[in-house]
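Asker: I have a structure I would like to understand better, so I am pasting it below and will then ask my questions one at a time.
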Amino acid sequence: MDGDTHSIPSGMPDPRPHLGEPLALDLLNTRWIEHGPRDLLTEVTGLRTWLASTGLSDRATADEATLQATLTARTAIYDVVAHASHAGLNEVLEHGRIRRTLTEAGPADLADVAEPAWLPAWLAADNLLELLRTAPDRIRQCAHPECVLFFYDTSKNGTRRWHSMATCGNRTKAARHYARKT
């Protein structure tokens, strides 16, 4: 997204129009268009909101180092999804690994990230690998020409086109209907 972006006021609930996607796509959706470009991650307060929204606030600190690492991961994930460029993602993944262990509850795979600031970034990058491993064709960008949001298509037949039928889907259908009437 080009142009000036507007930051999110401190203490505000997550203002993004589309929540609940897998972590990698949720990170991409910290940029959206609503009366101009918006970016949740222009400041540490927005990072705090994102960490809370994704359930990571108890595992990561909202500070400048974490913000910069998270922005690096967002760019790398976007480059993979939009341009099939993987170098940046591999650089993010170098900050951690999966450590296998046996716990009281049984075998477990734990994220092992040496620098705490990189944990959210690494988890998002690792999540993208899982999405790519299971169904890469289900990672989609909303088909509405003025929308920049991403989603993971969980529809039965895999033909979902919009991040939300209620917003972008209806706008697209209304525009088509209007064009036929004129």
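The values are calculated or read from the model by the stated rules, or taken from the named source; none is laboratory data. Keep in mind that what you see is a predicted model, and the values were worked out from it rather than measured. Ideal geometry is used to build each Cβ from the backbone, glycine not excepted, and the neighbour counts take in all protein chains shown. Heavy atoms of the whole protein, side chains included, go into the accessibility calculation; ligands, DNA and RNA do not. Shrake-Rupley method; radii C 1.70, N 1.55, O 1.52, S 1.80 Å.
Asker: I'm trying to understand the selection: among the residues of region 124-138, which are within 11 Å of the chain's Cα centre (by Cα) and either over 29 Å from Q68 (Cα atoms) or not polar (S, T, N, Q) (or both)?
Answerer: A124, A125, L128
Asker: Among (1) closer than 21 Å to P17 by Cβ; (2) basic (K, R); (3) modelled with pLDDT of 95 or more, which single condition is R161 missing?
Answerer: Looking at each condition in turn, R161 falls short on (3).
Asker: For region 61-82, name all the residues that are closer than 20 Å to D39 by Cβ, over 16 Å from the mean Cα position of the chain (by Cα) and not small (G, A, S).
Answerer: D63, E64
Asker: Same structure, new question: Given the conditions (1) open to solvent by 70 Å² or more (accessible area, probe 1.4 Å); (2) aliphatic (A, V, I, L, M); (3) at pLDDT below 95, and given that A179 satisfies all but one, which numbered condition is not satisfied?
Answerer: In the conditions (1) open to solvent by 70 Å² or more (accessible area, probe 1.4 Å); (2) aliphatic (A, V, I, L, M); (3) at pLDDT below 95, A179 misses (1) alone.
Asker: So, one more: In region 32-64, which residues are small (G, A, S) and at pLDDT 95 or above?
Answerer: G46, A52, S53, G55, S57, A60, A62
Asker: Sticking with this structure for a sec: I'm checking my understanding of the structure. Among residues of region 1-31 that are hydrophobic (A, V, I, L, M, F, W, C) and either over 15 Å from the mean Cα position of the chain (by Cα) or at pLDDT 95 or above (or both), which one is farthest from L128 (Cα to Cα)?
Answerer: M12
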